[in-house]
Amino acid sequence: MRVFSRAPLNLDQARVPRGQVYLIPERCKGCALCIHFCPREVLVESTHTNQKGYHYPEIRARKDADCVHCDFCILVCPEFAIYTLEI
């Protein structure tokens, strides 16, 4: 089987989407689904706890510009404690 590799004609015009992650720590119940589903590994579990005693996610050091606004974290969060906005 022959495999051909082609690059899109407009590759130089392609724009990688960028997003900004926003967290609402008071809503988080510490399930860590957003951490596990993030394809760019932008989130990490915090050492701090919220009022309920759960460790909420936070943005990993030097990874705040790596979010691609895929919305996976929004889709898997049962408490609606995280969202992203395209920048």
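Table: residues versus (1) open to solvent by 50 Å² or more (accessible area, probe 1.4 Å); (2) touching a residue at least 40 places away in the same chain (Cβ under 8 Å).
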| site | (1), (2) |
| --- | --- |
| ALA7 | yes, no |
| ARG18 | yes, yes |
| CYS28 | no, yes |
| ILE59 | yes, no |
| CYS73 | no, yes |
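Of the residues GLU79, GLU45, GLU41, which is of a type in the set (D, E, K, R), surrounded by 11 or more Cβ atoms within 10 Å (Cβ to Cβ) and part of a strand (DSSP E or B)?
GLU45
Could you list all residues from the stretch 54-70 that are of a type in the set (Val, Ile, Thr) and either in a strand (DSSP E or B) or within 20 Å of CYS28 (Cα to Cα) (or both)?
Of everything in the stretch 54-70, just one residue is of a type in the set (Val, Ile, Thr) and either in a strand (DSSP E or B) or within 20 Å of CYS28 (Cα to Cα) (or both), namely ILE59.
The values are calculated or read from the model by the stated rules, or taken from the named source; none is laboratory data. Owing to the predicted nature of the structure, the values given are computational and were not obtained by experimental measurement. Because the Cβ atoms are built from the backbone with ideal geometry, glycine has one as well, and the counts that use them run over all protein chains shown. Remember, those area values only see protein heavy atoms, side chains included, never the ligands or the DNA or RNA. Shrake-Rupley method; radii C 1.70, N 1.55, O 1.52, S 1.80 Å.
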